[in-house]
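The values are calculated or read from the model by the stated rules, or taken from the named source; none is laboratory data. What you see is a predicted model; the values in this text were computed from it and never measured. Reconstructed Cβ throughout: ideal geometry from the backbone, glycine too, with neighbour counts over all protein chains shown. Note: areas computed on protein heavy atoms with side chains; ligands, DNA, RNA excluded. Shrake-Rupley method; radii C 1.70, N 1.55, O 1.52, S 1.80 Å.
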Amino acid sequence: MGLIAFLKTQFIVHLLIGFVFVVSGFIINFIQLCTLILWPINKQFYRRVNCRLSYSLWSQLVMLLEWWSGTECTLFSDQDTINKFGKEHVIIILNHNFEIDFLCGWTMTERFGVLGSSKVLAKKELLYVPLIGWTWYFLEIVFCKRKWEEDRDMVIEGLKRLSDYPEYMWFLLYCEGTRFTETKHRISMEVAESKGLPKLKYHLLPRTKGFTTAVQCLRGTVSAVYDVTLNFRGNKNPSLLGILYGKKYEADMCVRRFPLEDIPLDEKEAAKWLHTLYQEKDALQEKYNQEGIFPGQQFKPPRRPWTLLNFLFWATVLLSPLFKFGFGIFASGSPLLILAFLGFVGAASFGVRRLIGVTEIEKGSSYGNQEFKKKK
């Protein structure tokens, strides 16, 4: 094992990376709070500033995927679709099977210059998660309680507010509503059978309300829907902890572009279109499992240096005073100060672990289990 590989497995290194992410995140959130005064003066300038601030935080996670773990991401698509990446507003539909599916999506947005302006329809609980939810708030992310009767007006208002967004944005929808588990899949397929809908093997039954509402509200702003089907070579099931330990994965993403004008205006017909799309996604997953490859040309967009340079900037700014402070504490010889410092380190470790826990499938919500049962 080389020195770099050894360092990637060390807890203290993980803690330092977490320290840089958390402290820089709080600094960024404070700056974002200060930018609120810009909203009534120049809304578009506020948005452009917050796109850059958000990029400075999210790109640290992308750096872990691209530069720390060396994970490779391959696109399977066509040249015309690739040529449009980063040059239009789009809705992204991504399967929700993996702990780092969002991170693979982010690395693609970064390589095509839209990471800072990327959006998602997110569960409202995430709004209260430090750094993640707070940054999303300033970025005008659309939150929902996943109860359509309560969400409708809030979601419509949030989507319409984005109609004049100045930066090209990729708006992510997890139409399945929750991460795939065997239990949720079984219940979901029982619901599909009761409603006379085709069963899916690799996906949960898509929820159509969020999709049809997004298409209606963003029509005239969004040019297309990108359907993205993600899988990992070698039947791997990667995690954020694995990325932190420097494990390298190979992600394959099949991307299909559907012009928005090809999607029906009628809500019922649009919902039917989405169900058909998920049957096609299921067939793509079946083909991948059998052949180990998606159809289409292969593209490997080059990683850019900005994520690494951004992290090195924050590491230089934050770790230098930390090392000086820690050295001073131990040099003082004061047991009280040393214990207090170690307590701070322990608290920081706990906080970083809790943030990582947000992505873990086994710690996900029981939303799918309960809601599918209600629908049945």
_Can you tell me which residue is farthest from residue 18 (Cα to Cα) among those in region 122-145 that are open to solvent by 50 Å² or more (accessible area, probe 1.4 Å) and charged (D, E, K, R)?_
145
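For region 237-258, indicate whether the set of residues that are free of Cβ contacts under 8 Å to residues at least 24 places away in the same chain, of a type outside the set (Gly, Ala, Ser) and surrounded by fewer than 16 Cβ atoms within 10 Å (Cβ to Cβ) is non-empty.
Step one: list which residues in region 237-258 are free of Cβ contacts under 8 Å to residues at least 24 places away in the same chain, which gives none.
Within region 237-258, none of the residues are free of Cβ contacts under 8 Å to residues at least 24 places away in the same chain, of a type outside the set (Gly, Ala, Ser) and surrounded by fewer than 16 Cβ atoms within 10 Å (Cβ to Cβ).
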*Hey, does region 71-84 have a residue that's out of contact with any strand residue (DSSP E or B) (no Cβ under 8 Å at 6 or more places or on another chain), closer than 26 Å to residue 310 by Cα and either aromatic (Phe, Trp, Tyr) or modelled with pLDDT under 95 (or both)?*
no
*Check region 207-225 and report whether any residue there is in contact (Cβ under 8 Å) with a residue 40 or more places away in the chain, closer than 30 Å to residue 64 by Cα and not aliphatic (A, V, I, L, M).*
no
*asked:* Checking the structure you have, find out if any residue of region 260-273 is surrounded by fewer than 20 Cβ atoms within 10 Å (Cβ to Cβ), under 25 Å from residue 177 (Cβ atoms) and in contact with a strand residue (DSSP E or B) (Cβ under 6 Å, 6 or more places away or on another chain).
replied: yes
_Residue list for region 318-342, filter: within 16 Å of residue 23 (Cα to Cα) and open to solvent by 60 Å² or more (accessible area, probe 1.4 Å)_ = 321, 323, 325
_Just the residues that are out of contact with any strand residue (DSSP E or B) (no Cβ under 6 Å at 6 or more places or on another chain) and either open to solvent by less than 60 Å² (accessible area, probe 1.4 Å) or among the β-branched types (Val, Ile, Thr) (or both), please, taken from region 191-210._
191, 192, 197, 200, 202, 203, 204, 205, 206, 207, 208
*Of the residues in region 211-229, how many are within 18 Å of the chain's Cα centre (by Cα) and modelled with pLDDT of 95 or more?*
5
_Pairs needed: first member in region 143-154, not assigned by the TED database to the domain that holds residue 172; second member anywhere, not β-branched (Val, Ile, Thr); C-beta distance under 8 Å; at least 6 residues apart or different chains._
none
*Among the numbered criteria (1) in contact with a strand residue (DSSP E or B) (Cβ under 7 Å, 6 or more places away or on another chain); (2) open to solvent by less than 30 Å² (accessible area, probe 1.4 Å); (3) not in a loop (DSSP other than H, G, I, E, B), which single criterion is violated by residue 175?*
(3)
*Which members of region 222-245 meet the condition of being within 23 Å of residue 171 (Cα to Cα), of a type in the set (Ser, Thr, Tyr) and out of contact with any Asp or Glu (no Cβ under 6 Å at 6 or more places or on another chain)?*
226, 229
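Regarding residue 184, is this residue buried (at least 20 other Cβ atoms within 10 Å of the Cβ) and under 23 Å from residue 125 (Cα atoms)? Don't jump to the end; show me each part of the working.
On the way: buried (at least 20 other Cβ atoms within 10 Å of the Cβ): yes; under 23 Å from residue 125 (Cα atoms): yes.
Against the criterion (buried (at least 20 other Cβ atoms within 10 Å of the Cβ) and under 23 Å from residue 125 (Cα atoms)), residue 184 qualifies.
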*Would you mind stating whether residue 294 is within 23 Å of residue 102 (Cα to Cα) and without any contact (Cβ under 8 Å) to a residue 60 or more places away in the chain?*
no
*Applying the selection to region 95-123, what residues are under 23 Å from residue 306 (Cβ atoms) and hydrophobic (A, V, I, L, M, F, W, C)?*
100, 102, 103, 104, 106, 108, 112, 114, 115, 120
